[in-house]
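The values are calculated or read from the model by the stated rules, or taken from the named source; none is laboratory data. Just so you know, these numbers come straight off a predicted model, no measurement behind them. Reconstructed Cβ throughout: ideal geometry from the backbone, glycine too, with neighbour counts over all protein chains shown.
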Amino acid sequence: MMRASWPPQLHFFPQNSFQKGTHMSRPFMRSVTLSAVALLALTGCTAPTGSAPTEACPDAPLKSISLVDVTGSSFASNSGEDYETAISKLARHTAACGGDLWVATFGESSGQTVTLLERSFQVEAPTENAARRKREKLAEDATSTVRDKLGEAAARTPASATDVLGLLRLIEEAKAQHPDAAHEVFILTDGFTNVGVDPAAVASTEAAVALADQVAVPDLSGVKLTFVGIGRTTTSVPSSVIELVTAFWQRVCERTGAASCTVATQWQG
């Protein structure tokens, strides 16, 4: 039997299409984070926070995915240290478990993602301590690679609209390719999908839940699914709207049958 490829073989832009040395400056990343903090102050809301993936490694081989929203409403406010922290935590957890990590950007279509990183953390070393050090170094390198490539990847990703629901079908394909693996997925997005549905336009959280009950969702049973950055956009958004979007994605996640659902505005590792 042929071994299924990793990550899912859709229409990804090749990794070697990026120019070496391209990076997002630290001053830019700091300003991004400050603008996000200012947004929370303007909305007057207390941000729900996500926490680090469980430290315990699964019994099955770990396949981790991080998908980064680079659409106009989300990227400028979320692409700094919060995103880097979330990806770093996932990389370190995946490395500690000797798993595989795929990081990509997305925008208007799940079939037009741009791969930032494909990394296996399976290593050979004479001792367990040596293997642990090698995996930790690989995790650090993985975070640096994502940081260096994110800005250019954003420019290459079609991003006139946001299709977050489409990503869930992509995750289902990844799960189908590795049915015996454990899957942990981070979707880093403001949650303001506008392809097919618009949860920010409904009148109440009850209506948001009802809307989520109407959309088609894939089977993500067994997947640990986390949404980070919900409601954090490039413009000020009322806390009531953030509640609508949060309720929508929480219900969508529940309907997929995912093993766990985390929907958070802010990452806290």
Give the stretch 219-269 a look and list any residue that's surrounded by 23 or more Cβ atoms within 10 Å (Cβ to Cβ) and on the phi > 0 side of the Ramachandran plot, or say none.
229, 231
Out of the stretch 219-269, which residues are under 18 Å from residue 176 (Cβ atoms), of a type outside the set (D, E, K, R) and in a strand (DSSP E or B)?
221, 223, 225, 258
Can you name every residue in the stretch 134-164 that is among the aliphatic types (A, V, I, L, M) and surrounded by 19 or more Cβ atoms within 10 Å (Cβ to Cβ)?
138, 139, 142, 146, 150, 153, 154, 159, 164
Residue 211 vs. criteria touching a Pro at 6+ places or on another chain (Cβ under 8 Å) and either aliphatic (A, V, I, L, M) or at pLDDT below 90 (or both):
yes
Residue satisfying condition, being farther than 22 Å from residue 171 by Cβ and either in a loop (DSSP other than H, G, I, E, B) or not small (Gly, Ala, Ser) (or both), within set 108, 136
136
Looking only at the stretch 235-264, how many residues end up being farther than 16 Å from residue 193 by Cβ and β-branched (Val, Ile, Thr)?
2
Check the stretch 202-218 and report whether any residue there is part of a loop (DSSP other than H, G, I, E, B) and crowded, with 24+ Cβ neighbours inside 10 Å.
no
If you take the residues in the stretch 191-201 that are at pLDDT below 90, of a type outside the set (A, V, I, L, M, F, W, C) and closer than 18 Å to residue 227 by Cα, which one is surrounded by the most Cβ atoms within 10 Å (Cβ to Cβ)?
191
Matching residues, the stretch 162-217, being without any contact (Cβ under 8 Å) to a residue 40 or more places away in the chain, of a type in the set (Gly, Ala, Ser) and out of contact with any Leu (no Cβ under 9 Å at 6 or more places or on another chain):
176, 210
